[in-house]
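Colleague: Before anything else, here's the structure in question.
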Amino acid sequence: MPLKPQDILVLLKLVTLGDQSWSYNRLAIELGMSPSEVHGAVKRVLKAQLAVHIDRVIQPNFRNLEEFLIHGIRYAFVPERGEMTRGMPTAHAAPPLSDRIVPDQEPPPVWPDPEGEARGMIFSPLYRSAPVASRNDPALYELLALVDAIRGGKARERSIAAKELTRRFNRYEKEAKPKPKHSHSGRRAAGSTK
């Protein structure tokens, strides 16, 4: 069961949610996907060991995900590049790297997006709904931009992005410890498959 690009979008959303409860429907709405796409993505990332069940809660497997993003994603999901367009900045042209990398003379990489406020060269997002999902979640946008810097950046950009991704994952992993179950709540655990 090979991974699909949208699987990484779902996983990065789970990273930003931390220990918040979630449902397939909530993720579908926030990511601009169908619930069945989200369900399929969760199945694939569990099988690939990029996510784990902890006390009936599905969470990212931070170390495996970090390793895949830093060392594998640029080979698995190569970005398509194209002509100038209106869009949303990504990679080194978006936060958090835009403050740390001096732009060169080339147009910035952008995800094609009619609501985007920048002009630049097309850089395909991991999944078509990434711009919409990013507008609603700045933390997700920053993670996707870091991943794009690794997917298609120059060596220095990839190195800075990898270090920043590791730093953020360390912080998110500490915050994502599951809460104790409360049997009186009557609500399903986050990401519960039952």
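Rule-based calculations on the coordinates, nothing more; no lab input. These numbers were taken from a predicted model, which means no experiment stands behind them. Cβ sites come from the backbone with ideal geometry, for glycine too, and all protein chains shown count toward neighbours.
Colleague: Describe numerically, in nm with one decimal, the distance between label points set 7 Å from Cα along Cα→Cβ at S21 and at R63.
Modeller: The two pseudo-label positions are separated by 3.1 nm.
Colleague: Still on this structure: May I ask you to order 89-96, 124-131, 13-20 by the average number of other C-beta atoms within 10 Å around their residues, highest value first? Write out the running numbers ahead of the final one.
Modeller: Numbers: 89-96: 23.5, 124-131: 21.6, 13-20: 18.5.
Descending mean neighbour count gives 89-96, 124-131, 13-20.
Colleague: Could you list the residues of the stretch 51-84 with an amide nitrogen less than 20 Å from a label point located 7 Å from the Cα of K43 in the Cα-to-C-beta direction?
Modeller: Under 20 Å, as judged by backbone N against the label point of K43, lie 51-54, 56-61 of the stretch 51-84.
Colleague: Relative contact order of the stretch 79-168, please, whole-number percent, based on alpha carbon pairs below 8 angstrom and at least 6 residues apart. Display every interim value, and only then the final one.
Modeller: Working: 159 pairs, mean separation 29.0, N = 90.
Relative contact order comes out at 32 percent.
Colleague: Given the convex hull of the Cα atoms of the chain, what is a quarter of its surface area in nm²?
Modeller: Averaged projected hull area, Cα only: 10.9 nm².
Colleague: Rounded to the nearest 20 Debye, what is the dipole magnitude of the stretch 79-168 about its Cα centre when Lys and Arg each give +1 and Asp and Glu each give -1 at the C-beta? Kindly include the intermediate steps, with their values, before the conclusion.
Modeller: Values: 13 positive and 13 negative charges, 67 e Å.
Taking the Cα centre of the stretch 79-168 as origin, the dipole is about 320 debye.
Colleague: Still on this model: Remind me, what semi-axes does the stretch 79-168 give for its equivalent ellipsoid, largest first in whole Å, using sqrt of 5 times each Cα gyration tensor eigenvalue?
Modeller: Details: eigenvalues 68, 47, 24 Å².
Working from the Cα gyration tensor, I get semi-axes of 18, 15, 11 Å.
Colleague: With everything on Cα atoms, drop me the angle between helix 35-47 and the longest principal axis of the chain, reported from 0 to 90° to the nearest 10.
Modeller: For 35-47 against the chain, the angle is about 80 degrees.
Colleague: Mind pulling the angle between the C-alpha long axis of helix 138-152 and the longest principal axis of the chain? Nearest 10 degrees, somewhere in 0 to 90.
Modeller: Once rounded, one gets 60 degrees.
Colleague: Right, next: Nearest 20 debye, what's the magnitude of the dipole of the chain about its Cα centre given +1 on Lys and Arg Cβ and -1 on Asp and Glu Cβ?
Modeller: Details: 30 positive and 22 negative charges, 180 e Å.
The calculation lands at about 860 debye.
Colleague: Would you mind checking the tilt of helix 155-175 against the longest principal axis of the Cα atoms of the chain, expressed as 0 to 90 degrees and rounded to 10?
Modeller: On a 0 to 90 degree scale, this one is about 20.
Colleague: Please give me, ordered by residue number, the trypsin sites (Lys or Arg not before Pro) of the stretch 48-119 that lie in loop per DSSP and have at most 16 other Cβ atoms within 10 Å.
Modeller: Working: sites: R56, R63, R74, R81, R86, R100, R119; in loops: R56, R100.
Answer by residue number: R56, R100.
Colleague: Then there is this: Calculated FRET efficiency, R86 and R156, Cβ-Cβ r, R0 30 Å, to nearest 0.05? Present the calculation step by step, with values, prior to reporting the outcome.
Modeller: Values: r = 27 Å, r/R0 = 0.91.
With a Förster radius of 30 Å, E is 0.65.
Colleague: Specify which residue in the list A91, V132, I160 is farthest towards the positive end of the charge dipole of the stretch 79-168, using unit charges on the beta carbon of Lys, Arg (+1) and Asp, Glu (-1), about the Cα centre.
Modeller: Among A91, V132, I160, the one farthest towards the positive end of the dipole of the stretch 79-168 is I160.
Colleague: Got a sec to turn the phi values of the stretch 58-69 into Karplus ³J(HN,Hα) couplings, 6.51 cos²θ - 1.76 cosθ + 1.60 with θ = phi - 60°, whole Hz, x for Gly and Pro?
Modeller: With coefficients 6.51, -1.76 and 1.60, one gets 8, 10, x, 8, 4, 5, 5, 4, 4, 4, 5, 5 Hz.
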